[in-house]
Amino acid sequence: MDRIVSFKSNGRAHTFFQDEIFYMESDNHKVAVCMKQQRPEYYGKIGEFEKKLQPDFFRIHKGYLINLKYVDHYDRTDVYMENGDMLRISKYKYQAFVKAYSTYLQENGCGKRNCS
């Protein structure tokens, strides 16, 4: 079952399936929802979605909530998304991210880019 992400911005309602979202980026209470074709923004907190979207999403930094489905690769300091974006990972979140990503891959029976 696909989960829905909804928010309002400038009096307009936005609704998406979670699989359409690469990641959410927060800066000074402004949240950008980074998707393939668009990047809608709203005022709020990504923490509002963090628990709702687990275990498929993970907060790698106070400013980034990423969809684990679209991780291309990572190293100790950055996560590289399939859309080409490079996102900084907090050194305090690194171990938890590795564990969450490994669990995600195991539970979804997928290797890199073979998730459905």
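Points worth noting:
- J(HN,Hα) series, segment 66-81, from Karplus relation 6.51 cos²θ - 1.76 cosθ + 1.60, nearest Hz, glycine and proline x: 10, 8, 4, 4, 9, 6, 7, 6, 8, 9, 5, 10, 9, 10, 9, 8
- In the distance distribution for segment 29-73, Cα-Cα pairs more than 11 Å apart total 68 percent.
- In the chain, the portion of solvent-accessible area held by carbon and sulfur atoms comes to 46 percent [1.4 Å probe, whole percent, DNA, RNA and ligands not counted].
- For the chain, dividing the convex hull volume of the Cα atoms by the residue count gives 100 Å³ per residue.
- Segment 1-102 - accessible surface per residue (Å², probe 1.4 Å): 60
- Note: relative contact order over the chain, using C-alpha pairs below 8 Å and six or more positions apart, is 17 percent.
The values are calculated or read from the model by the stated rules, or taken from the named source; none is laboratory data. All of these numbers come straight from a predicted model, not from anything done at the bench. The area values use the complete protein model at the heavy-atom level, side chains included, leaving out ligands, DNA and RNA. Shrake-Rupley method; radii C 1.70, N 1.55, O 1.52, S 1.80 Å.
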